[in-house]
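Written below as structure tokens is the structure these notes are about.
Just so it is clear, none of the values below were taken in a lab; they were calculated from the coordinates. From a predicted model like this one, the values you see are computed outputs, not experimental measurements. So basically every Cβ, Gly included, is an ideal-geometry build from the backbone, and we count neighbours across all protein chains shown.
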Amino acid sequence: SVVEEDAVAGYTSATSPLISGNVTITNSHIPTVTQVSGKKIWNDANNQDGKRPTEITVNLLADGIATGKKVTVTEANGWTYEFTDLPEFKDGQKIVYTVIEDAVTDYTTTYKDFDITNSYQPGKTSITVIKAWDDAKNQDGIRPDSIQVQLYADGQKVGAAVDVTAASNWTYTWSDLDAKANGQDIVYTVEEVGTIDGYTTTVGQLISGSVTIINKHIPNLVSISGTKTWNDADNQDGVRPSEIVVNLLADGQPTGQTMTVNEASNWAYTFTNLPEFKAGQKIVYSVTEEAVPGYTTDINGFDITNTHTPSLVSISGTKTWNDANNQDGVRPAEIIVNLLADGVATGQTKIVTAADNWTYEFTDLPEFKDGQKIVYSVTEEAVPGYTTDINGFDITNNHTPSLV
């Protein structure tokens, strides 16, 4: 006889031979297996800060319970992983598989099915450029309205050059900049674009995220010179001072600068290192002189002339004839009076006649010489038959008439 079993779904059946009236029927079922695979995704700006580890560990859980199975995931396997030959069911219930990653320092982890994303926010920084002007507050008026600066990261341009102006208080800030690249600190530098006529440029060190660019202009300087001229008949009256004081004015306002001028300086002066401009406008320099007693002052440009009119005097005298009214008829028609100054002949003479009422006068005579008062006197050309007596400037001629 033959023993057969009705088919059992999902099983294979094997019947043993009939032995001693017994038959064994064996039903076999191979449990279904499954697999789990996933990939690792790095959200860290291509490992900008160099924080990414060389490997991570993924643990397999079944119905939320660790299975003890784990896999090491690296770049070498394309940051992918796979668990194979996993039972699909347990106690007739489908097993729910999940994975969990060992913590990765500085990263947060999210899961989507079996794909694991690790996120890291790269460090950011900012760079501020400060433009400083060393040009005496734009004294010469040549400072531009704006300049351009370019940011570099490890020697490579970052974006386009930017304008820096007075409206921005001569500063500019680049923000949200990556602090690192490939795990290394980025070296940021700033340069000024082009050159500025009349200025030299110095770029300072980057300190605490700020860099100062100094543009220096040495203001134009001028000198002014003048001479002192004395119009005082070579100090005839001796009233010339030993020195005078010259005051410098800029645009009509005193500068506080003065110069003492004397004979040792050859009566010349120079003001040096004077700014040529103020607020972009050319300065008009002029000078005044401290008052010089007894002198008037005339200024032509920067040359100063002091004028003093020497004191003048006149001397006059009379001729007296003591000759018994010209009894002998020897009185001349005229006599000559010579003028002396300090006992020295001046070359000036006067012809004195009866038409002048026998009087004379020398006029417009300098009162002083080298500061000393001149002593004037007169002599008379000899008058034959007469003796002469001079009292001051009065001249008496004496003649004793002949007797018989």
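Provide the convex hull volume over Cα atoms per residue for the chain, in Å³.
Details: hull volume 83.9 nm³, N = 404.
Output value, Cα hull per residue: 208 Å³.
Kindly put T15, T363 in sequence by how many other C-beta atoms sit within 10 Å of each C-beta, fewest to most. Going from sparsest to densest Cβ surroundings: T363, T15. Amide H contacts of I283: F277, K278, each under 5 Å away and 5 or more positions distant or on a separate chain (H built 1.01 Å from N in the peptide plane; Pro and chain starts excluded). For the chain, the share of DSSP beta bridges that are antiparallel, to the nearest 5, is 85%. Projecting the Cα atoms of N59, T117, N357 onto the charge dipole of the chain, computed from C-beta unit charges around the Cα centre, puts N59 farthest toward the positive end. For I224 and D163, a Förster radius of 45 Å and the Cβ-Cβ distance give a FRET efficiency of 0.65, rounded to the nearest 0.05. Quick check: Cα centre of the stretch 254-279 to Cα centre of the stretch 203-230, how many Å? So the two Cα centres are separated by 21 Å. Among the trypsin sites (Lys or Arg not before Pro) in the stretch 257-326, none is located in a DSSP loop while being surrounded by at most 16 other Cβ atoms within 10 Å of its own Cβ.
Dipole of the stretch 213-306 computed with +1 at Lys/Arg Cβ and -1 at Asp/Glu Cβ about the Cα centre; of T255, I214, P275, farthest Cα towards the positive end is I214. Using R0 = 30 Å, the C-beta based FRET efficiency linking A66 and D185 works out to 0.15.
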